[in-house]
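Nothing in this text is a laboratory measurement; each read-out follows from the coordinates by a stated rule. All figures in this text were calculated on a predicted structure; none of them were measured in a lab. FYI the Cβ positions are ideal-geometry reconstructions off the backbone, even for glycines, and counts take in every protein chain you see.
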Amino acid sequence: MSRAILVVLLCLVAGVFAPARAEDTYRQQMKGLDEQVQEVKSDVLSIAAELNQLQERLLYPSDSHLAVFVALSKGETLRLDAVQIRIDGQPAANYIYSFKELEALQKGGVQRIYTGNIATGEHAIEISLNGKLANGKDYTYSQQFAFTKAVAPKLMGVTLAGPDSGQPAIQIGNW
Amino acid sequence: MARSRHVLLSLALAATLTARAASADDLKDLYFGEAIFEAAQGRYFEALERLDAELAQHRRVDEPERDTLHYHLATAEFDVGDFELDYRMHHRAGRAIKAVLEANVDDVIRNEAAFRLARIHFQKDQPEEALQALERIHGKVPDAIRDDLEFLRANVYSALGRPADAVPVLKKLQAAQNLKGFAAYNLGIALLQAGHSPEALQQLDQAGQVASRDPATAAIRDKSNMVLGRMMLESARFDRAQQSFDRVRLDGPYSNQALLSAGWADASAGNYERALVPWRILIDRDTTDSAVQEARLALPFAYGKLNVYGRAALLYGQALDSFGGELEKVNTSIRSIREGTFLKALVREEIHQDNNWVVRLRMLPDAPETFYLTSLMASHDFQTALHNYLDLEDLHRKLVTWQGSFDAFDDLIRLRRANYEPLLPEVDAQFRELDSQMKLRVEQRDQLRKRLQDILTAPRPELLATADERIALERIRHVEKAIAGVSEEQRAELQERVQHLKGVLIWTLRTEYPQRLTQAHKDLRELQRHIDVLTAQYESFVRTRQAAVHSYVGYDAPISRLRTHVGSALEQVDMLEARQGALIETVAINELKARAERLEAYQSQARYAVADSYDRATKAQAEAAGAPQ
């Protein structure tokens, strides 16, 4: 084998099996920085927790706090496009879902779609959904529910399902 | 080489782990579901924020079994560790999992925790600690992790330089579907390291023929063929080498290297004509790829060997032009990085929309520096550094937003104070008046209730007399007193009439007593209803009054504390971001300089070869012209 072939072959071998060049020199520095980044992440998470508590206390006091969460029924094939929520006839939330968000809902995630304040007593919530069924047809459904807001914070879970699931299209649950 | 294999094994392991998913129907805790929602979108900071808060609250409650998170506690404890890992917080993840390990939990949970801890140590290049964690596994192992656990154990043995221990473990995993390709490749490498070369070659050959459409399995199959091909090439078994390189997909990550190597296998066997085929394909590919650049030299080299010097000279000339252009591109990239363009390109929002963002960096306009950095950017350490940089940028944005929100909070509190404080004294005065009236009415209700209660045991019909009857009775008593002063003849008659009247009244009171008692209880209940409404209004007022005060009192200290924390965290984040950015730039520039040096070497080689080829071509032409007819 000629010298030229040998030189090129050595290059080839170096190319296939990960280079260990200047990168290694900085590996320790990167490791050290990584440790510090982990520490600062931890600090910022603590700040976020404290800030969230403060924000909730300041903006959504417990006696008027209302939060509405949206989930998809188990194994749901409905491609949810949008959800609109009206509380006592007033628009409260209007959300258009990205593919990532829809996937997150299908994986069992629950989206907090609305957080606000509401007086204690009787109220009405109207939930409308738009989506596409597995066969490609458009699907729209809307339903109104009455609910009572007591002194404690109200967490309302809305579970959505398509017409093929055999489940009610919209179920309301209290948590 | 050891390091690259280690990283590959980690990636393989991560790829085989299955994500756990809940569903809305089983969900009992909305905030836990919210954490899953965030994590499923790769928003691990937000996921951790929710889940940390929920777990902290769960630990504070007096009766945790009545808390909704109780139903998901085991999953949540693991998920928080997973999210921390995904957010590259290995230390915290390790601590969380150690806490599970040290708690009084059953075998299945403890073993899964030990597995996860071992995985963290392995990913952090700590194989000794990983093995210690694995040695804590006893008893029942969850089915879902059984294969992954054994695969990890084998990888840990290999990383510790104990390939002989890894071999039997990997042999048992050959049928595991989720490890298809990876277990076969790792077994080949372990056999090789353990000194069982013939068996290793056979194993790599098998790994190189694993049938699968899964991209990860296909990639490891290509990798197996590359390793086997290289070994065959080194031992001068060119046909076998050729066979392995031919198995590598033409559109996979190893395709360029495979084409280059296939050419060298032919060239090494002296079959230069066949070597032309892969190299011709290769030179039309991405010019920034090192294999393509090498092929630009290899192709004219083969033509030279075939005595086609004119063609060789032409191709060397083209290679020279190409290297010059690429060198210019590399130098532009170095300048661009020094000007900070690379870091600016990294933080562009649009490139983080999918998992292939590193690859997509190449397509960014105005970012020439990314052309030559794909392989560097694919390396584990550099990716960690890039991710850290992006995380720091994200933290920076969050902290700056929070800083702004404190001013908004201050405004809100000031406005609320200005609104409520002047109103409260008057409201309080009115309330005190109403409060005393209400107390009086409540006392009266209590007296009535007591009186009715007493009547039940000792009936007193006169207490249920109507107002008219009470007046009449009173007048009768007056008349009775007045009669005492009249003459005796008149008195007897008057007394008889008074007794008659009194008798009528007493008769009414006694005969109507049961109905009146029932009515009195009904009235008392009615009164109670009114008092209940009044009490609810009273309590509502008290709450509203408290809420009004709580809406602006008691925030100064926490806001001031948070403002300080956010300020110092921002300083720390900015400092780390600058250091991380500088390090990324330095490593990237070094990589580009290495590529520039290689291009310069190629350039010199091509320059020499082009002249040499022209000489030979001229000589060959002269020889041909001078040859006897």
For chain B, what does the helix formula give at 222 nm: sum of -39500 (n - 2.57) over DSSP H segments with n ≥ 4, over the residue count, nearest 500 deg cm²/dmol? -26500 deg cm²/dmol
Which ³J(HN,Hα) values, rounded to whole Hz and listed in residue order, are derived for segment B:37-46 from phi using the Karplus coefficients 6.51, -1.76 and 1.60 in 6.51 cos²θ - 1.76 cosθ + 1.60 with θ = phi - 60°, glycine and proline given as x? 4, 5, 5, 5, 9, x, 9, 6, 4, 5
So what's the gap between the Cα centers of segment B:142-185 and segment B:492-536, to the nearest angstrom? 93
Using the Karplus equation 6.51 cos²θ - 1.76 cosθ + 1.60 (θ = phi - 60°), what ³J(HN,Hα) coupling, rounded to whole Hz, does each residue of segment B:491-502 give in order, writing x for Gly and Pro? 4, 4, 5, 5, 4, 4, 5, 5, 4, 4, 4, 4
Starting with the highest mean, order A:102-114, B:535-547, B:321-333 by the number of other Cβ atoms within 10 Å, averaged over the residues of each peptide. A:102-114, B:321-333, B:535-547
Dmax and Rg, reported as Rg then Dmax, of segment B:414-516 (C-alpha, Å): 25.3, 89
What does the average come to when, for each residue of peptide B:267-273, you count the partner chain Cβ atoms lying within 10 Å of its Cβ? 2
Return the inverse of the average 1/r over all pairs of distinct C-alpha atoms in chain B, which is the Kirkwood hydrodynamic radius, in Å to one decimal. 33.4
Less than 20 Å apart at the alpha-carbon level, and either on another chain or at least 8 residues along: which aspartates and glutamates does that give for residue B:450? B:462, B:523, B:526, B:532
Count charges around residue A:114 for me, please; just the other residues with Cβ under 12 Å from its Cβ, Lys/Arg as +1, Asp/Glu as -1. +3
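Å³ per residue of the Cα convex hull, for segment B:199-301?
Given the Cα convex hull of segment B:199-301, per-residue volume reads 88 Å³.
Give me Rg/Rg_expected for segment A:61-155, where Rg uses Cα atoms only and Rg_expected = 2.2 N^0.38 Å with N residues.
Compared with the compact-globule rule of thumb, segment A:61-155 sits at 1.16.
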Could you compute the net charge surrounding residue B:55? Neighbours are other residues with a C-beta less than 11 Å from the C-beta of residue B:55; K and R count +1, D and E count -1. -3
Span from the segment B:212-291 Cα centroid across to the segment A:27-59 one, whole angstrom: 47
How far, in degrees from 0 to 90, does helix B:197-207 lean away from the longest principal axis of the Cα atoms of chain B, to the nearest 10? 60
Give me the Kirkwood hydrodynamic radius of segment B:181-258, using the inverse of the mean 1/r over all pairs of distinct Cα atoms, in Å to one decimal. 12.1
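Per residue of B:83-94, how many C-beta atoms from partner chains lie within 10 Å of its own C-beta, taken as a mean?
Per residue, the number of nearby Cβ atoms from other chains is 3 on average.
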Here the whole-number average of other chain Cβ atoms within 10 Å per Cβ of A:67-75 is 4
For the protein assembly as shown, what is the convex hull (Cα atoms) projected area averaged across all directions, in square nanometres? 53.1
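Please give the peptides B:444-456, A:46-58, B:504-516, B:262-274 ranked by average Cβ packing (other Cβ atoms within 10 Å per residue), highest first, as a rough proxy for protection.
Going by the mean number of other Cβ atoms within 10 Å, highest first, we get B:262-274, A:46-58, B:504-516, B:444-456.
Considering just Cα atoms, how many Å³ per residue does the convex hull of segment B:452-605 enclose?
Dividing the Cα hull volume of segment B:452-605 by its residue count gives 256 Å³.
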What does the highest-first list of A:82-95, B:109-122 look like by mean Cβ count within 10 Å? B:109-122, A:82-95
